[in-house]
Amino acid sequence: TFLAALTVLGSVAYSIAYAEWMPGLSVILLAVFFGLLAGTALSFSSFPRWTAHLASVIYGLFCVAVFGGTRPDIALLDDWRERIFLMLDKVTVWMREAMNNGTSRETLIFVLILSSLFWVLGYTAGWYSFRTRRIWHVILPAGVTLFSNVYYYAGDKSMLPFLIVYLVSVVVLLALSHLADRE
């Protein structure tokens, strides 16, 4: 089930990285993997739901900060403390521009938002696959994300392989979920 969920989410994340909306989006593959790993681990834990979700938020913020800190323009700094302050500064400037109806061309924000989105997709996929067995909560958000990417992509590369991998892995995930329910 873990591998099927990883394939479902990986096909979605890889389609966005492959579309090259901007350089450096390959970190969302890491966000999916670590989010799914955290969701799976916390779903098997004996923590109450709110404690597990709080732990995931803290771990997710840490991972997203690390992913943002590996951007080439930020990775030039040697000290991680300086990297964090630089990222916070860029986010603050972006928020100030957004509040004043300004524009910003800061690419870090897009990477942080997508990393956070895919962290949440990965975490909820692990949680819903193993703790509550609500498999449609895994399939539908990933499908909406994939189909949105395919719909808005206007480049030369074909997105058909990602759709095929997604659909095949969804069928496998549904079959595994049905077997687990029957068991």
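Numbers at a glance
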quantity: Matching residues in region 164-183 - criterion: being surrounded by fewer than 17 Cβ atoms within 10 Å (Cβ to Cβ) and not basic (Lys, Arg); calculated: Ile164, Leu167, Val168, Val171, Val172, Leu174, Ala175, His178, Leu179, Ala180, Asp181, Glu183
quantity: Filter pass, Ile74 being within 13 Å of Gly24 (Cβ to Cβ), in contact with a Lys or Arg (Cβ under 8 Å, 6 or more places away or on another chain), in a helix (DSSP H, G or I) and free of Cβ contacts under 8 Å to residues at least 40 places away in the same chain; calculated: no
quantity: Of all residues making up region 11-28, the number that are without any contact (Cβ under 8 Å) to a residue 40 or more places away in the chain and either open to solvent by less than 10 Å² (accessible area, probe 1.4 Å) or part of a helix (DSSP H, G or I) (or both); calculated: 1
quantity: Boolean, Gly68 is farther than 25 Å from Leu3 by Cα, in a helix (DSSP H, G or I) and not acidic (Asp, Glu); calculated: yes
quantity: Qualifying position, being on the phi < 0 side of the Ramachandran plot and surrounded by 19 or more Cβ atoms within 10 Å (Cβ to Cβ), among Leu77, Leu121, Leu88; calculated: Leu121
quantity: Elements of type helices (runs of 4 or more DSSP H) contained in region 98-183, each with 3 or more residues being of a type in the set (Phe, Trp, Tyr); calculated: 107-130, 136-152
quantity: Given (1) more than 20 Å from the chain's Cα centre (by Cα); (2) surrounded by 12 or more Cβ atoms within 10 Å (Cβ to Cβ), number of the condition Met159 does not satisfy; calculated: (1)
quantity: All positions within region 106-118 that are closer than 26 Å to Leu140 by Cβ and either open to solvent by 90 Å² or more (accessible area, probe 1.4 Å) or acidic (Asp, Glu) (or both); calculated: Ile113
quantity: Evaluation of Met95 against (1) closer than 23 Å to Leu42 by Cβ; (2) in a helix (DSSP H, G or I) (one fails), failing number; calculated: (1)
quantity: The listed residue being open to solvent by 20 Å² or more (accessible area, probe 1.4 Å) and touching a Lys or Arg at 6+ places or on another chain (Cβ under 7 Å), out of Tyr128, Tyr153; calculated: Tyr128
quantity: Qualifying residue in region 47-54 (condition: open to solvent by 20 Å² or more (accessible area, probe 1.4 Å), more than 17 Å from the chain's Cα centre (by Cα) and of a type in the set (S, T, N, Q)); calculated: yes
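Yes/no matrix, rows are residues, columns are (1) crowded, with 18+ Cβ neighbours inside 10 Å; (2) touching an Asp or Glu at 6+ places or on another chain (Cβ under 9 Å); (3) not acidic (Asp, Glu):
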{"site": "Thr40", "(1), (2), (3)": "yes, no, yes"}
{"site": "Arg83", "(1), (2), (3)": "yes, no, yes"}
{"site": "Arg96", "(1), (2), (3)": "no, no, yes"}
{"site": "Asn101", "(1), (2), (3)": "no, no, yes"}
{"site": "Ser104", "(1), (2), (3)": "no, yes, yes"}
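The values are calculated or read from the model by the stated rules, or taken from the named source; none is laboratory data. What you see is a predicted model; the values in this text were computed from it and never measured. Positions of Cβ are backbone-derived with ideal geometry, glycine not excepted, and every protein chain shown enters the neighbour counts. Surface areas here come from the heavy atoms of the whole protein model, side chains and all, with no ligands, DNA or RNA. Shrake-Rupley method; radii C 1.70, N 1.55, O 1.52, S 1.80 Å.
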